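Below is one structure, written out as structure tokens; comments come after it.
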Amino acid sequence: MNALTPDPTHAPENCSSPKEAQIVNAARTAFLQQGFSETSMEAIARAANVSKATLYAYFPSKEALFSHLIGHECEAKRILFTAPSLDDGIEGALRTMGMKFVTHFLVKDETAFFQAVSSERARFPELCRLFFNTGRERAVDFVAAFLEEAKATGALAFDDAHVAANQFLNLVLCDLPMRVALGLDLPNEEEARRVMEAGVSTFLRAFQQRSQT
């Protein structure tokens, strides 16, 4: 795994103390540089400039620390997204939202932790499941809330907002999450946009109110 320099934008705001934030930042850098299995609690304590006793007082295990980081990463990604305006129509709004998700998967710094978790899927499937459930659930909730708003205006018609949200994400992202997880080459932005726009068109054919067309 490539070494990554610490990114101050990932400094956790929900830590109980500066000491905890110091530990979490050091752990994040270590996990990204070396992977979960190759990072020891001793190395994290050394990088955070704290004793092992202090480290264990905050986090009883490496798994607990990694789980804390997963929750923080998911929250950090969630606040990147704001609901698009419906003022210019449902198609434009869906394209705007779809491109935000696509761009997220095209930026290496945004997907570094996702890859770190994916690399441990065979040895620590429960951590991968936690990351998937937490991150995916928040993304689906965000999209579902927007779709419900669009439905209230009469722009869309569907039975279950969460089912529709999952279908939207699958259509606009296509195989991007899998490519990132496996470290495969990614499409350029133009190609990814073309796939996203085709996904939006397919979604609208299924869910757009015919009176709106």
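Is it possible to state the helix-based mean residue ellipticity at 222 nm for the chain, with each DSSP H run of 4+ residues giving -39500 (n - 2.57), the sum divided by total residues, to the nearest 500 deg cm²/dmol? What is it? So the helix-based figure for the chain works out to -22000 deg cm²/dmol. Per residue, the accessible area of the chain comes to 53 Å², computed with a 1.4 Å probe over protein heavy atoms only.
Which of the three applies to the stretch 117-212, rounded, prolate or oblate, going by the alpha-carbon gyration tensor with a ≥ b ≥ c and a/c under 1.5 meaning rounded? Taking the square roots of the gyration eigenvalues as a ≥ b ≥ c, the stretch 117-212 is oblate.
Would you mind getting me the FRET efficiency between Ala152 and Ala21? Use the beta-carbon distance for r and R0 = 30 Å, nearest 0.05. Walk me through the numbers on the way to the answer.
On the way: r = 40 Å, r/R0 = 1.35.
Computed FRET efficiency for Ala152 and Ala21 comes out at 0.15.
One decimal place: the segment Ser85-Ala206 gains 41.5 nm when fully extended, by the rule 0.36 nm per residue minus the C-alpha distance.
In summary, the convex hull built on the alpha carbon positions of the chain has an orientation-averaged projected area of 12.8 nm².
Both numbers refer to the Cα atoms of the stretch 46-113; Rg and Dmax are 18.4, 57 Å. Along the chain, counting only GluC sites (Glu not before Pro) with a DSSP assignment other than H, G, I, E or B and at most 16 other Cβ atoms inside a 10 Å radius, the longest segment between sites is 39-213. With unit charges on the beta carbons (Lys and Arg positive, Asp and Glu negative) and the dipole taken about the Cα centre of the chain, which residue among Gly89, Ser118, Val195 sits farthest to the positive side? Checking the options against the dipole of the chain, the answer is Ser118.
Computed over neighbours whose Cβ is under 12 Å from that of Ala161, the net charge equals -4, Lys and Arg +1, Asp and Glu -1.
Under the classification rounded if a/c is under 1.5, otherwise prolate if a/b is larger than b/c and oblate if not, where does the stretch 103-172 fall, given a ≥ b ≥ c as square roots of the Cα gyration tensor eigenvalues? List each step's numbers first, then the result.
Numbers: a/c = 3.47, a/b = 2.13, b/c = 1.63.
Note, shape of the stretch 103-172 comes out prolate.
Sorted by accessible area (1.4 Å probe), largest first, how do His72, His162 line up?
Working: His72 20, His162 85 Å².
Ranked from most to least accessible, the order is His162, His72.
The simple Förster model, with R0 at 25 Å and r as the Cβ-Cβ distance, assigns Arg194 and Gln34 a FRET efficiency of 0.10. Distance between the modelled labels on Asn166 and Asp109, one decimal in nanometres: 3.4 nm (7 Å Cα→Cβ projection).
Once neighbouring chains are kept in place and the probe is 1.4 Å, which whole percent of the accessible area of the chain is contributed by carbon and sulfur? Don't skip to the end; give the middle numbers.
On the way: 5710 of 11200 Å².
In the chain, the share of accessible area belonging to carbon and sulfur is 51 percent.
Roughly how many debye, to the nearest 20, is the charge dipole of the chain about its Cα centre, given +1 on each Lys and Arg Cβ, -1 on each Asp and Glu Cβ, and no other charges? Working shown, then result.
Numbers: 21 positive and 27 negative charges, 80 e Å.
It comes to approximately 380 debye.
Residues Asp109, Asp141, sorted by accessible area with the largest first, give Asp109, Asp141 [1.4 Å probe; ligands and nucleic acids excluded].
Residue separation of Thr54 and Arg138 scaled by 0.36 nm, minus their Cα-Cα distance, works out to 27.0 nm of gained length.
When nucleic acids and ligands are ignored and a 1.4 Å probe is applied, Phe131 ends up with an accessible area of around 30 Å². Overall form of the stretch 159-206: oblate. Here a/c, set by the Cα gyration tensor axes a ≥ b ≥ c, is 1.5 or more, and a/b is not larger than b/c.
The values are calculated or read from the model by the stated rules, or taken from the named source; none is laboratory data. Since the structure is predicted, the reported quantities are computational estimates derived from the model, not experimental observations. Heads up, the Cβs are rebuilt from the backbone with ideal geometry, glycines too, and the neighbour counts pull from every protein chain shown. To get the accessible areas, we keep the full protein, side chains included, count just its heavy atoms, and leave off ligands, DNA and RNA. Shrake-Rupley method; radii C 1.70, N 1.55, O 1.52, S 1.80 Å.
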